[in-house]
Amino acid sequence: MGSSQTFTIKYIIAAKFEIEGVVEKPDVIGAVFGQTEGLFGPELDLRELQKTGRIGRIEIELHSKNDKTNGTITIPTSLDRVSSALMAASIESINRVGPCLAKVTLDRIEDIREGRRK
């Protein structure tokens, strides 16, 4: 694939997570795709949105310490405000990463265009 982000980013969805166990980035990515699949129908399916360029590369940053993993999920999107909010809500519904309990909380939905206007 290797497509670059040639779409116009409108919003950045940023979420934090806490996981009761040690996991790796692929585990978190798998949970994001697996647990959000089918929540809002085919028009908001993450795989399709990435294929069509409406969602950019999902970035995961994580740190493990004392059998717990904390980190952030960042998703650039060119969706409208409502669809971006629905996408953020679907990310918050993640409750497991691999075999471990997880809690994902929305940090912010940043309007990139607002920053450019200023």
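Which count do you get for residues in the stretch 70-86 that are touching a residue at least 12 places away in the same chain (Cβ under 8 Å) and either assigned to a helix (DSSP H, G or I) or open to solvent by 60 Å² or more (accessible area, probe 1.4 Å) (or both)?
Selection size over the stretch 70-86: 7.
The number of residues in the stretch 6-48 that are touching a residue at least 60 places away in the same chain (Cβ under 8 Å) and closer than 16 Å to LEU79 by Cα comes to 8. When the stretch 24-43 is filtered for residues that are open to solvent by 20 Å² or more (accessible area, probe 1.4 Å) and outside any loop (DSSP other than H, G, I, E, B), the ones remaining, listed by number, are LYS25, PRO26, ASP27, ILE29, GLY30, PHE33, GLY34, GLN35, PRO42, GLU43. For the stretch 51-69, enumerate the residues that are open to solvent by 20 Å² or more (accessible area, probe 1.4 Å), of a type outside the set (Asp, Glu) and in contact with a helix residue (DSSP H, G or I) (Cβ under 9 Å, 6 or more places away or on another chain). Scanning the stretch 51-69 gives ARG54, ARG57, LEU62. Does the stretch 104-117 include one or more residues that are closer than 15 Å to ILE12 by Cβ, open to solvent by less than 60 Å² (accessible area, probe 1.4 Å) and in a helix (DSSP H, G or I)? Among the residues of the stretch 104-117, at least one is closer than 15 Å to ILE12 by Cβ, open to solvent by less than 60 Å² (accessible area, probe 1.4 Å) and in a helix (DSSP H, G or I), which makes the answer yes.
The values are calculated or read from the model by the stated rules, or taken from the named source; none is laboratory data. The shown structure was predicted, so the numbers you read here are calculated from the model rather than taken from an experiment. No Cβ is skipped: glycine too gets one built from the backbone with ideal geometry, and neighbour counts run over all protein chains shown. The accessibility values were calculated without ligands, DNA or RNA, using every heavy atom of the protein model including side chains. Shrake-Rupley method; radii C 1.70, N 1.55, O 1.52, S 1.80 Å.
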